[in-house]
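The values are calculated or read from the model by the stated rules, or taken from the named source; none is laboratory data. What you see is a predicted model; the values in this text were computed from it and never measured. Cβ atoms come from the backbone with ideal geometry, glycine included; neighbour counts cover every protein chain shown.
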Amino acid sequence: MKPFFRTFQALLLVLVLAETASGVMPPDHYAEMSERSKIKATALVLSVEILETTKEHTMKRVSFFLRHPFSDGVPDHFSGICFSVDWPWQSPMAGGTPYFYPETGDKVYVKG
């Protein structure tokens, strides 16, 4: 029984050591993938300002600080508008509006 286990252990060791590391690719591969990605950067939420509260939603202006760009041309600071449903009395309208609930300090992905 022992010779079988030793042979099995040796074979297992060879298979483990012979496995290719496909997770490590050349830098050009990652550059190409980041250019094709819809995600263009990671950012940090600096501030959230409520612009308007209606019976359907709350509209907010969110200011961001760039953490890591994945492509050229992403500014260091930028802002955007988002909608959220913050109160029980708000009833969102039908449709495909995405809602976002940002808080200062959140780390987010930025789509291009």
**Item:** Selection count, region 43-56, where residues are within 14 Å of the chain's Cα centre (by Cα) and either closer than 28 Å to Gly95 by Cα or buried (at least 16 other Cβ atoms within 10 Å of the Cβ) (or both)
**Value:** 2
**region 25-42, residues that are under 30 Å from Gln90 (Cβ atoms) and either part of a loop (DSSP other than H, G, I, E, B) or modelled with pLDDT under 80 (or both)** = Lys38
**Members of region 57-96 that are part of a loop (DSSP other than H, G, I, E, B) and either touching a strand residue (DSSP E or B) at 6+ places or on another chain (Cβ under 6 Å) or surrounded by 14 or more Cβ atoms within 10 Å (Cβ to Cβ) (or both)** = His57, Phe70, Ser71, Val74, Asp76, Val85, Asp86, Gln90
**Message:** Checking the condition within 21 Å of Tyr109 (Cα to Cα) and not aliphatic (A, V, I, L, M), which residue from Lys38, Lys55 passes?
**Reply:** Lys38
**Message:** Taking the conditions exactly as written (at negative phi, among the acidic types (Asp, Glu), surrounded by 12 or more Cβ atoms within 10 Å (Cβ to Cβ) and in a loop (DSSP other than H, G, I, E, B)), does Glu103 satisfy them or not?
**Reply:** no
